[in-house]
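Structure record follows, encoded as structure tokens.
The values are calculated or read from the model by the stated rules, or taken from the named source; none is laboratory data. On a predicted model such as this, the values are computed, not experimentally measured, just so you know. Cβ placement follows ideal geometry from the backbone for every residue including glycine, while neighbour counts extend to all protein chains displayed. Protein only, heavy atoms only, side chains kept; ligands, DNA and RNA dropped before computing areas. Shrake-Rupley method; radii C 1.70, N 1.55, O 1.52, S 1.80 Å.
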Amino acid sequence: MDRREFLKASAMATAAAAAAQLALHDQAAAQPTTARQAPPPPAPPPAEGVRWDKAPCRFCGTGCHVQVGVKAGKVVAIAGDQHAEVNKGLLCVKGYHVGLALYGKDRLTQPLLRQNGKLVPITWERALEVIADRVLADPKGFAIYGSGQWTIPEGYAAQKLIKAGLASNQIDPNARLCMASAVTGFLSTYGVDEPAGCYDDLDRADVVIMWGNNPAEMHPVLFSRIVDRRLRGEKVELIDLTTRRTRTSGFCDRTLLFTPHGDLAIANGIAHLLLASGTWDKEFVGKFCNFRQRTEPPTLDGKALDLDGYRAALASYTPEKVEELSGVPAEDLRYLASLFARRDLRITSLWCMGMNQHTRGTAINDLVHGIHLLSGHFGRPGDAPTSLTGQPSACGTVREVGTLAHALPGGLVVTKEEHRKEAEALWNLPAGRINAKPGYHTVEMWKRFSTPADKGGDISTIWVQVTNPARTLPNLNTLFAPSRTLPGKFLIVSDVYPTATAMAADLVLPSAMWVEKNGMFGNSERRTQQWFKMVPPPGQARDDCWQTIAVARKLFERGVPGMKDKDGKFLFQVVDAAGKEVPIWQWDSYYKVNVDEQLFNEYRRFSRHKHKDLAPYSEYVKARGLRWPVVQTADGSWRETRFRFSKADDPYATKAEIQFYHSVTKDDRALIWFHPWEPPPERPDRDYPLWLCTGRVLEHWHTGTMTMRIPQLRRAMPQAYCEMNRDDARALGIHSGEVVVLESKRGKLELPVWLDGRGQPPPGTVFVPFFDESLAINLVTLEDYDPLSKQPDYKKCAVRVRKKGAS
Amino acid sequence: MSERRGWHLGVALSLAVAGIGLWAGVRGTGREVQAKASARAAVASAAVAGEVGESRSYSDLRRGMTGPNAELPARWWAALPDAELFAPVVQSAADREAALTRRAARRAFDGAPPTVPHAVDQLGAPACLRCHERGVKIAQLVAPRMSHPPMGSCVQCHVASEDPRRREPGAPATQRAATEVAPSLPLQEVADSAFVGLPAPGRGERAWPGAPPTIPHTTWMRERCDSCHGVWGASGLRSTHPWRQSCTQCHAPAAALDQRPVWSPAGAAATAAAAPRASTSAGAP
């Protein structure tokens, strides 16, 4: 009897037994027959040995909470956190696989120093000495380039090292490339950064307008929060304003394709129609708004404008004119305006990189806020202009901690004397320590790093933490590549994998990531989140925050005066419960106290200035994040705020039902700006006849350094591609799957074409995602940036495409 | 006689003409309806799945089933599982092992959303619910009923298990072209993962032989037991009594697995005291 026959026979026997039991109504019939044949020992509960704890997801700015399952020092499972208001137990495919991001086999586990062209292992002690040498050799030329993936304490430590310690202000983050225009939009409109609304708006809105946004792929959990309402029988109208058909378009009631830069004309066209038809909200505007126009050179304050001036400025933006500028039919524009004209509807606008990565990014942000204010679609649940962010802590670490070249924590800026004084007091620094001159913004920093010292390239060392500029900077041939051959330029990279940047670096520091360390993030809806270290980092990998503090201590020991406060104490002095100083710069002492807690509780004192009040650390331990301002109530508990500026919910709005209490004009009013449509810096021409747009895909996050190491995600989307319109492809004789050469004035790239794949660009447009490190589309993109936010435009430049091999 | 013959001929001719006319008319209508139906299918697929109801024309209504047999196909369809409902369920450890292995191959860990073993529409909203909302079995091929309530954006969690890019006939296979942006070392090939996921749980506990086993896995996103344990469930996972619908009446879920808060003063104190991540009350410097 072979195995097969045996199985067959035993199967027949069990079948017969089961049938007999059924016939006899045997009580044991409910029991699986195998259990009766050979009773197995009682199985242990499967969760035994698995410890579950909360953490926010490591990827986008949505800020979903996950439950992390840990067994024997390793993450073994992830589940959506049912207690989290953000995601209510659901995740996207990246979130479900976030735990795998820790376990790529090529994790960096020891410090590496480039010697004779090769990266050679060295000790941590030596690595810290090398950094200290670089700082001492040229303190003004030493810059930190950080990230919206820094935890709040990591960003705060780097901020303090540069602004309080080295007094140079040479710190800027990759979030400059991601949401700087949203910041300038909020500042110029409301006088204070970050959205007034929150995700609760998505549950209430009747209409959701997505401005150059593809949330079905980029913010999937928020998108399904909207579309799942339809399955519950609710009505929500989705309108997609886009430059190419995306997965989001498939869910939308209307998809309005516009030509790149046409969004400026569309927003002005809506405002024009609201004024022309008299359907703007005169009461709301009369009580809560002022009009504004820009100056030359542009500033965040602009200059005053009255209603007649505003009306006159918009006069030329007739639907027909807007159709000409944007390609959106006049009747569709009238339809959009008719929605804003209705007070009974609640309208939420969503945007992310489409409006922010824009050479007129501040302008389009202002205009979208403006039409919401002009039509009174503001301040009620569901009525909100809401910007989304791409990184888990772009809001928490960059916008709130202020890790930008001009900023100090809590919305303070280095250019204002009273702000410097306030920061010096909170940091216990001698008067005048903080430098009044802003450092270089991202593009400028890297341009100077890629320029010889004798030609104005006064940045000699950049320490990169938690980001991959060798793939994410625009126009890499100008901003990144030259630095790697110029003498005297030294690149330090703290990372977890051998990314393109790490492989090009002179010194590589292995970092701990995500639940290998304590951390805090701040998401897109002002929610501050906390998690604890759950597993040890591999090899000698250590926290970025520790690295920063250890370097500061090395400088302290070498006698750099800035590393002391005015009482001579170390800038990062941390004491234990007994009040005794803990040498946290020594790795084996770092987790003897909770450094995150101490740094956060120090930092939160800055948060009162702009009414972005943060609660003590211990409150966040208990919560799945809290949305600031978090204000203590009479009974001692801490209350978060969902709708800012709204008297119904915001404890700081006390005078009227809406109070813009950080108003630019100091009269509790927000500003409705006029900005004209202007042509983009580069448009398709005879030589480069196509628009290029770049962006993300669902499966991969940013440059894929983590997600490309997750088998499930990599298999689903293994490499970058070029989306084209089918007619354009046919004209060039290109089949789907064939390799093309894509070329701009700045660089070129070979990659395969995918027709009718994830997106469908209109004729004359191509799209390439930037997640693939080996196919760097930023060789091709343009480094021109918005004059106020300094954020470059990755969404439009002129390219040409030819079949590989064809001339 | 000749008159009578002429009359016969006339009748035969007119019958023939009527017959041809009827045949041509019926054929024509069929073609038109087919053409309309394909146009409608295109419209319907473009419409948002589950959102926009299809409008029906009079011809649809005429062609639609009415009368006593109207529900026949649906009833016949619904009757499919009934045929198997009371069939004796044969279970073996080998079948169970095979089913769990197949299940694990599509998941990074127990509880991860499975990847999709077939092609999925990459643009727009794929019509997953058509098959997976209730489940479909055609011959031996089962599209399982989804284990959780329907959601709108399936591809948010469930991605293809292989490269979704379609190649067109005649196009050469893609070659992976690497870019060089002045890295001093060549980019490393992306390494494998060392992740070892939580395996599928063992069997549930029984208080005594014959007691209904507890549910050994979370029931979050796995509320619909019949997805795996129903009449179309894989052999080895299928319930011996799939006709019973209220599973949790007898099979208890575990609060620890389901993230339900289980509060005890002792537990709360223990969590707060856990070192080294503990909150210390020491002030800031």
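Here's the yes/no breakdown for (1) in a helix (DSSP H, G or I); (2) more than 9 Å from chain B (Cβ to nearest Cβ); (3) farther than 20 Å from residue A:162 by Cα:
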residue	(1), (2), (3)
A:562	yes, yes, no
A:583	no, yes, yes
A:601	yes, no, no
A:607	yes, yes, no
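Quick check: anything in segment A:488-497 more than 14 Å from chain B (Cβ to nearest Cβ), open to solvent by 10 Å² or more (accessible area, probe 1.4 Å) and out of contact with any Phe, Trp or Tyr (no Cβ under 8 Å at 6 or more places or on another chain)?
Yes, segment A:488-497 contains at least one residue that is more than 14 Å from chain B (Cβ to nearest Cβ), open to solvent by 10 Å² or more (accessible area, probe 1.4 Å) and out of contact with any Phe, Trp or Tyr (no Cβ under 8 Å at 6 or more places or on another chain).
Just to be sure before I move on: is residue A:379 on the phi > 0 side of the Ramachandran plot, surrounded by fewer than 24 Cβ atoms within 10 Å (Cβ to Cβ) and of a type outside the set (A, V, I, L, M, F, W, C) in the structure I sent?
It is false that residue A:379 is on the phi > 0 side of the Ramachandran plot, surrounded by fewer than 24 Cβ atoms within 10 Å (Cβ to Cβ) and of a type outside the set (A, V, I, L, M, F, W, C).
Filtering segment A:237-254 down to residues that are among the hydroxyl-bearing types (Ser, Thr, Tyr) and more than 10 Å from chain B (Cβ to nearest Cβ), which residue is most open to solvent (accessible area, probe 1.4 Å)?
Among those residues, the one meeting the criterion is A:243.
For (1) under 22 Å from the mean Cα position of the chain (by Cα); (2) of a type outside the set (Asp, Glu), each residue gets a yes or a no:
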{"residue": "A:580", "(1), (2)": "no, yes"}
{"residue": "A:591", "(1), (2)": "no, yes"}
{"residue": "A:630", "(1), (2)": "no, yes"}
{"residue": "A:635", "(1), (2)": "no, no"}
{"residue": "A:643", "(1), (2)": "yes, yes"}
{"residue": "A:646", "(1), (2)": "no, yes"}
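Any idea how many residues of segment B:195-224 are in contact (Cβ under 8 Å) with a residue 24 or more places away in the chain, within 14 Å of residue B:250 (Cα to Cα) and more than 8 Å from chain A (Cβ to nearest Cβ)?
Going through segment B:195-224 one residue at a time, the tally reaches 3.
Give me the residue from segment A:423-443 that is in a helix (DSSP H, G or I) and more than 28 Å from the chain's Cα centre (by Cα) and, out of that set, nearest to residue A:167 (Cα to Cα). Show your work before the answer.
First pass over segment A:423-443, keeping only residues in a helix (DSSP H, G or I): A:423-426, A:442-443.
Okay, now just the ones that are also more than 28 Å from the chain's Cα centre (by Cα), so A:424-426.
Working: A:424: 11, A:425: 15, A:426: 15 Å.
Result: A:424.
Could you tell me whether residue A:718 is at the interface with chain B (Cβ under 7 Å from one of its Cβ atoms), farther than 16 Å from residue A:779 by Cβ and in a strand (DSSP E or B)?
no
Please pick out the residue among A:773, A:783 that is away from chain B (no Cβ under 12 Å), modelled with pLDDT under 95 and open to solvent by less than 40 Å² (accessible area, probe 1.4 Å).
A:783
For a quick check of your reading: which helices (runs of 4 or more DSSP H) sit entirely within segment A:77-160 and have at least 2 residues that are touching a residue at least 40 places away in the same chain (Cβ under 8 Å) and surrounded by fewer than 24 Cβ atoms within 10 Å (Cβ to Cβ)?
A:124-137
For residue A:98, state whether it is under 17 Å from residue B:111 (Cα atoms), within 10 Å of another protein chain (Cβ to nearest Cβ) and at pLDDT 95 or above.
Numbers: under 17 Å from residue B:111 (Cα atoms): yes; within 10 Å of another protein chain (Cβ to nearest Cβ): no; at pLDDT 95 or above: yes.
The answer is no for residue A:98.
Can you tell me which residue within segment A:516-534, out of those that are touching a residue at least 60 places away in the same chain (Cβ under 8 Å) and more than 19 Å from the chain's Cα centre (by Cα), is surrounded by the most Cβ atoms within 10 Å (Cβ to Cβ)?
Looking at residues that are touching a residue at least 60 places away in the same chain (Cβ under 8 Å) and more than 19 Å from the chain's Cα centre (by Cα), I get A:517.
Quick one: count up the residues across segment A:714-733 that are under 15 Å from residue B:162 (Cα atoms) and at pLDDT 95 or above.
Number of matching residues: 0.
Checking the structure you have, find out if any residue of segment A:185-202 is farther than 21 Å from residue A:371 by Cα and small (Gly, Ala, Ser).
No, segment A:185-202 contains no residue that is farther than 21 Å from residue A:371 by Cα and small (Gly, Ala, Ser).
For residues in segment A:721-744 being assigned to a loop (DSSP other than H, G, I, E, B) and touching a residue at least 60 places away in the same chain (Cβ under 8 Å), which is surrounded by the fewest Cβ atoms within 10 Å (Cβ to Cβ)?
A:733
Here is a check on your reading of the model: is residue A:763 over 20 Å from residue A:353 (Cβ atoms), outside any strand (DSSP E or B) and within 31 Å of the chain's Cα centre (by Cα)? Working first, answer last.
On the way: over 20 Å from residue A:353 (Cβ atoms): yes; outside any strand (DSSP E or B): yes; within 31 Å of the chain's Cα centre (by Cα): yes.
Yes, satisfied.
Does residue A:76 satisfy being among the β-branched types (Val, Ile, Thr), facing chain B (nearest Cβ under 10 Å) and farther than 22 Å from residue A:224 by Cβ?
yes
Condition first: touching a strand residue (DSSP E or B) at 6+ places or on another chain (Cβ under 8 Å), buried (at least 24 other Cβ atoms within 10 Å of the Cβ) and away from every other protein chain (no Cβ under 12 Å). Can you find one or more residues in segment A:674-681 that meet it?
No, every residue in segment A:674-681 fails to be touching a strand residue (DSSP E or B) at 6+ places or on another chain (Cβ under 8 Å), buried (at least 24 other Cβ atoms within 10 Å of the Cβ) and away from every other protein chain (no Cβ under 12 Å).
Tell me which of these residue A:614 doesn't satisfy, since it passes every other one: (1) over 23 Å from residue A:292 (Cα atoms); (2) surrounded by fewer than 23 Cβ atoms within 10 Å (Cβ to Cβ); (3) not charged (D, E, K, R).
Every condition holds for residue A:614 apart from (2).
Could you tell me whether any residue of segment A:634-651 is among the polar types (S, T, N, Q) and touching a strand residue (DSSP E or B) at 6+ places or on another chain (Cβ under 7 Å)?
Yes, there is a match, as at least one residue in segment A:634-651 is among the polar types (S, T, N, Q) and touching a strand residue (DSSP E or B) at 6+ places or on another chain (Cβ under 7 Å).
Could you list, in sequence order, all residues of segment B:107-130 that are away from chain A (no Cβ under 12 Å) and crowded, with 16+ Cβ neighbours inside 10 Å?
B:128
Inside segment A:469-547, counting only strands (runs of 3 or more DSSP E) that do not spill past its ends, which hold 1 or more residues that are under 30 Å from residue A:201 (Cα atoms), of a type in the set (A, V, I, L, M, F, W, C) and modelled with pLDDT of 95 or more?
On the way: elements: A:490-495, A:507-510, A:519-522, A:527-531.
Qualifying strands (runs of 3 or more DSSP E): A:519-522, A:527-531.
Could you go through segment A:692-714 and let me know if any residue there is surrounded by fewer than 21 Cβ atoms within 10 Å (Cβ to Cβ), without any contact (Cβ under 8 Å) to a residue 60 or more places away in the chain and either away from chain B (no Cβ under 14 Å) or under 27 Å from residue A:304 (Cβ atoms) (or both). Give the steps one after another, and end with the answer.
The initial filter retains those residues of segment A:692-714 that are surrounded by fewer than 21 Cβ atoms within 10 Å (Cβ to Cβ), namely A:696, A:711, A:714.
Narrowing the set further to residues that are without any contact (Cβ under 8 Å) to a residue 60 or more places away in the chain leaves A:714.
Now restrict to residues that are either away from chain B (no Cβ under 14 Å) or under 27 Å from residue A:304 (Cβ atoms) (or both): none.
Within segment A:692-714, none of the residues are surrounded by fewer than 21 Cβ atoms within 10 Å (Cβ to Cβ), without any contact (Cβ under 8 Å) to a residue 60 or more places away in the chain and either away from chain B (no Cβ under 14 Å) or under 27 Å from residue A:304 (Cβ atoms) (or both).
Among (1) over 28 Å from the mean Cα position of the chain (by Cα); (2) at the interface with chain B (Cβ under 7 Å from one of its Cβ atoms); (3) on the phi < 0 side of the Ramachandran plot, where does residue A:117 come up short?
With respect to (1) over 28 Å from the mean Cα position of the chain (by Cα); (2) at the interface with chain B (Cβ under 7 Å from one of its Cβ atoms); (3) on the phi < 0 side of the Ramachandran plot, residue A:117 is out only on (3).
Identify all residues within segment B:1-15 that are open to solvent by 100 Å² or more (accessible area, probe 1.4 Å) and modelled with pLDDT under 75; write none if there are none.
Result: B:1, B:3, B:4, B:5.
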